[in-house]
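*Asks:* To start, I am sharing the structure in question, which I have written as structure tokens.
The values are calculated or read from the model by the stated rules, or taken from the named source; none is laboratory data. None of the values given here were measured: they were computed from a predicted structure. Counting neighbours? That spans all protein chains shown, and the Cβs are built from the backbone with ideal geometry, glycine included. With ligands, DNA and RNA removed, areas are computed over all heavy atoms of the protein, side chains included. Shrake-Rupley method; radii C 1.70, N 1.55, O 1.52, S 1.80 Å.
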Amino acid sequence: MKKLVLKRVLPTTSPQEGYRIAYHDELNPSQLQAVFHTEGPALVLAGAGTGKTRTLTYRVARLVEDGVDPASILLLTFTRKAARQMVQRAGALLDGRCDQVAGGTFHAFAYMLLQRTAPADRPAVSILDQADAEDVMNLVRGTIDVKSLQRRFPKKQTLVAMCSRAVNTMTPVSDVIAEEYAQYVDLTDPITDVIQRYHRYKRQHGLYDYDDLLLHLLATTQDPAHGPALRARFRHIMVDEYQDTNVLQHQIILGLAGPNGNVLAVGDDAQSIYSFRGADVRNIHAFPESFEQCRVIRLEQNYRSSQPILDVCNTILRDAPNMFEKELFSDRTDGEQPMIVACTNERQQSAFLVQQILELREQGRGLTDIAVLVRSGFLSFDVEIELNKAQIPFRKVGGMRFTEAAHVKDLLALLRITVNPRDVIAWYRLLLLQPGVGPKTAQALVDALSEMSDPLHGSSLEDLPGGRKITVLVSLLRSACTAGSCPDRMQVLAEGYRSTLERVYDDHAKRWKDLQTMVGIGANYATTEEFLSDIALDPPSETLDDLGPDDGEDEFVTLSTIHSAKGLEWGTVFVIWVNEGRLPSSRSAESEASLEEERRLLYVACTRAKDVLVLTYPSIMMEWEQSDVLGKPSRFLDSVAENICPRYMLTE
């Protein structure tokens with residue numbers, strides 16, 4: 001007689017008794033389906049404001065409650081902060097076991113594998129951020145005779161963009177040039193040559209840009225030794241914001257999960273707005289066909305916006321072709337109707353916004369719960385002037401990130417050399433700061449340093465051409481290497497760099513405070529290597545303005561581009577310049593795909609509002625001496641009926 005084996009049957013729509021967490025009380029039916037899905041692939045279509053983060057958090061906790069090894073759960077997100085918050089929330093729901101869940105960005109996960117699979121004798125590597133990658137490309141670009149081409153040759157930023165596009169879309173550079181940079185088609189061969197040299201240069205000097213990390217991760221999944229081990233280790237994979245993945249990341253997920261893997265992807269094709277970063281909405285559309293018997297679960301109950309706002313959002317999206325069917329609904333059936341307001345010109349639009357904001361404030365609404373969203377940053381300039389006149393405090397989302405500031409990058413360059421003495425880009429940056437060292441001397445020193453196995457601790461650098469000019473720098477770097485902890489090393493370097501800071505920058509006192517902030521951040525890390533990888537892969541989101549002096553205001557209006565506003569919410573949202581030619585932008589007419597992404601941009605903007613939504617557009621877009629450029633509302637408003645979104649015209 002065959003031995004009978006008991007196998008637990010897990011619920012698909014409602015939880016069984018015996019769980020510590022009352023899932024049935026905390027989740028709606030669709031969320032429950034996602035949380036209790038265990039075996040096989042699934043796609044969770046999570047509309048805006050439908051609680052996708054909550055769903056992922058509870059699924060992690062439920063898997064752990066069912067006895068799944070937390071270390072076998074992999075949670076991939078687009079920010080490390082998002083992954084950390086989900087794991088922490090799951091731990092708060094359950095217990096400390098959730099802390100063992102592997103989570104992070106694609107790039108951070110790739111870096112972790114790079115460290116684990118590297119040979120013991122492999123030299124240290126440096127991770128290049130965007131600016132560093134452009135500097136490497138510029139060095140390589142300088143090795144070819146651009147003048148002999150007698151043509152305008154792409155700058156370093158464009159070359160890096162071409163290279164990254166080719167990697168992330170997994171297409172040849174020649175195709176990228178033909179499709180997106182047609183003006184350089186005649187230079188395809190020299191451009192391809194420069195990009196190939198760029199890749200060789202990085203390999204020779206232990207440098208990895210963001211794309212290299214993804215390529216290494218894909219290669220690891222396909223490796224006969226490491227691939228099966230990875231799939232055996234991570235038995236439950238969850239991917240957030242799947243609509244933002246690119247072709248390369250999609251292939252990585254296929255490699256990690258295998259054809260029948262337990263992968264749950266969460267995303268919303270209606271919020272795919274980052275094609276300029278390589279994101280491809282077709283990935284989420286192709287997900288169900290990429291796996292056998294993939295289950296599709298829709299989250300449509302919105303917990304953010306009132307139903308009148310959702311009616312407008314649903315209408316904007318209804319005419320979009322090739323999209324998953326989805327209709328957002330809310331229990332908040334009452335609420336103010338959104339409105340579309342025609343303004344005479346830009347100045348009247350700005351004056352109207354100021355008037356409305358002041359009225360809202362008098363009604364008791366906080367300024368911090370008000371946002372003004374635009375398609376492009378320059379479209380808010382006039383609004384900024386009017387807000388200043390009315391003494392309404394505001395903050396503009398964006399600007400230079402804290403870690404992109406020159407003095408902060410100087411300190412990071414010093415720190416990088418102590419970990420990877422072959423980091424020629426860091427060397428070049430620092431050499432140019434030394435008195436008496438110009439570009440030619442710096443390049444000659446970098447060329448000599450690149451020939452050494454250990455430039456920092458090898459033969460005497462003072463004997464190199466121009467080497468005597470860098471004795472102070474070399475002494476500082478060597479002394480920092482003897483410091484034990486990451487913050488101690490950073491403090492030594494900061495103190496040694498201080499004289500350079502005072503010599504180069506007039507506002508050195510303020511910049512010194514920034515460096516002390518960096519040292520404080522470093523105090524949270526056990527090793528310098530871990531700190532540098534985090535700063536490169538997931539830098540602090542603060543801008544220099546965020547770290548500036550307090551203006552004494554405890555509230556402010558937010559001005560933001562729609563791209564920067566994704567994932568955020570406010571009680572009142574004004575979307576301005578909803579004009580044909582602005583939203584959609586005039587450039588989007590080049591293809592249907594670009595035009596549809598503009599539709600999704602407007603949808604994302606509208607779904608940021610909880611209580612009040614106002615869409616405005618100027619009837620005169622530009623004013624000239626003899627004639628005016630007339631404006632008309634965006635084509636995406638054509639289908640929005642008067643009964644769900646009344647139209648108004650401003651009059652003096």
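*Asks:* Pull up the stretch 401-449, narrow it to residues that are more than 20 Å from LEU532 (Cβ to Cβ), outside any helix (DSSP H, G or I) and in contact (Cβ under 8 Å) with a residue 24 or more places away in the chain, then point me to the one that is most open to solvent (accessible area, probe 1.4 Å).
*Replies:* Per the stated criteria, the residue is PRO435.
*Asks:* I'd like to check which helices (runs of 4 or more DSSP H) are fully inside the stretch 12-81 and have at least 1 residues that are small (Gly, Ala, Ser).
*Replies:* The helices (runs of 4 or more DSSP H) meeting that bar are 29-35, 52-65.
*Asks:* Would you confirm, using the coordinates I've provided, whether LEU477 is modelled with pLDDT of 85 or more and in a helix (DSSP H, G or I)?
*Replies:* yes
*Asks:* Oh, and also: Of all residues in the stretch 137-177, how many are closer than 19 Å to LEU213 by Cα, in contact (Cβ under 8 Å) with a residue 24 or more places away in the chain, in a helix (DSSP H, G or I) and not charged (D, E, K, R)?
*Replies:* 10
*Asks:* Continuing with this model, one more query. Take the residues in the stretch 228-281 that are among the small types (Gly, Ala, Ser) and part of a helix (DSSP H, G or I), then tell me which one is surrounded by the fewest Cβ atoms within 10 Å (Cβ to Cβ).
*Replies:* The extreme case among them is ALA232.
*Asks:* Can you tell which of SER459, SER533 is of a type in the set (S, T, N, Q), part of a helix (DSSP H, G or I) and either under 24 Å from GLY206 (Cβ atoms) or at pLDDT 80 or above (or both)?
*Replies:* Going through SER459, SER533 in turn, just one is of a type in the set (S, T, N, Q), part of a helix (DSSP H, G or I) and either under 24 Å from GLY206 (Cβ atoms) or at pLDDT 80 or above (or both): SER533.
*Asks:* Follow-up question, since we're still on this one. Output the number of the condition that PRO123 fails; it satisfies all remaining conditions of (1) part of a helix (DSSP H, G or I); (2) at pLDDT below 85; (3) surrounded by fewer than 23 Cβ atoms within 10 Å (Cβ to Cβ); (4) of a type outside the set (Ser, Thr, Tyr).
*Replies:* Single failed check for PRO123: (1).
*Asks:* Within the stretch 181-201, how many residues turn out to be free of Cβ contacts under 8 Å to residues at least 24 places away in the same chain and of a type in the set (Ser, Thr, Tyr)?
*Replies:* Final tally of qualifying residues: 2.
*Asks:* Could you list all residues from the stretch 378-400 that are of a type in the set (S, T, N, Q) and either surrounded by fewer than 19 Cβ atoms within 10 Å (Cβ to Cβ) or farther than 14 Å from SER350 by Cα (or both)? I'd like the intermediate steps shown before the answer.
*Replies:* Filtering the stretch 378-400 for residues of a type in the set (S, T, N, Q) gives 380, 388, 391.
The answer is ASN388, GLN391.
*Asks:* Mind checking which pairs have a first residue in the stretch 492-507 that is farther than 10 Å from LEU476 by Cβ and hydrophobic (A, V, I, L, M, F, W, C) and a second that is outside any helix (DSSP H, G or I) and open to solvent by less than 40 Å² (accessible area, probe 1.4 Å), Cβ under 9 Å, 6 or more apart or different chains?
*Replies:* What qualifies is VAL504/LEU433.
*Asks:* Please list, ordered by residue number, the strands (runs of 3 or more DSSP E) wholly in the stretch 606-652 having 2 or more residues that are surrounded by fewer than 16 Cβ atoms within 10 Å (Cβ to Cβ) and modelled with pLDDT under 95.
*Replies:* Result: 620-623, 628-630, 647-649.
*Asks:* While we're here: I'd like to verify a number: residues in the stretch 172-191 that are under 15 Å from ARG141 (Cα atoms) and either crowded, with 18+ Cβ neighbours inside 10 Å or not β-branched (Val, Ile, Thr) (or both), how many?
*Replies:* Residues in the stretch 172-191 being under 15 Å from ARG141 (Cα atoms) and either crowded, with 18+ Cβ neighbours inside 10 Å or not β-branched (Val, Ile, Thr) (or both): 4 in total.
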